[in-house]
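The values are calculated or read from the model by the stated rules, or taken from the named source; none is laboratory data. Everything numeric in this text was worked out from a predicted model, so none of it was measured. No Cβ is skipped: glycine too gets one built from the backbone with ideal geometry, and neighbour counts run over all protein chains shown. For the accessible areas, the whole protein counts, side chains as well, though only heavy atoms, and no ligand, DNA or RNA atoms are used. Shrake-Rupley method; radii C 1.70, N 1.55, O 1.52, S 1.80 Å.
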Amino acid sequence: PEKLLQMLLESKSLGDIHASSAATAGTRQGRHFLTFTRSQEGGSLLELDGRREHPVNRGPTSADTFLGDAAVEIRQLMNTVDDLESQNCFSLVALVRQATNG
């Protein structure tokens, strides 16, 4: 996990894509990226939004409940969209560990 994180942080192409998206965010109202992750200590669900200065603590979570906790927050965000056409404009990607048997 640490090597993957370092690769993502050092990726020039991801940085270029992010910079391009951030530059046009004002012209594409509402279209941007959010990330949900666990805090470094693992006890809090954090929302990372490039439009905000700091992470937003969305409450407690754990390794066992993280996906469900994030799904609740995502559903709430999707339910705030009033425009019916825009309600179908969500994409979701999850980076998760492979389940182990046993």
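Before moving on, here are some points about what is shown:
- Ranked by solvent-accessible area (1.4 Å probe, protein heavy atoms only, all chains present), the residues Phe90, Phe33, Phe66 order from largest to smallest as Phe33, Phe90, Phe66.
- Ranked from largest to smallest solvent-accessible area, with a 1.4 Å probe on the protein heavy atoms, Leu46, Leu9, Leu14, Leu77 come out as Leu9, Leu14, Leu77, Leu46.
- Between Arg58 and Leu45, Leu46, Glu47, the built amide H atoms are under 5 Å apart, and every one of these is 5 or more places off in sequence or on another chain.
- Taking Thr37, Thr80, Thr61 and ordering them by how much accessible surface each has at a 1.4 Å probe, largest first, produces Thr80, Thr37, Thr61.
- Taking Cβ atoms as reference points and 14 Å as the exclusive limit, the residues near Thr65 contribute a net charge of -1, counting Lys and Arg as +1 and Asp and Glu as -1.
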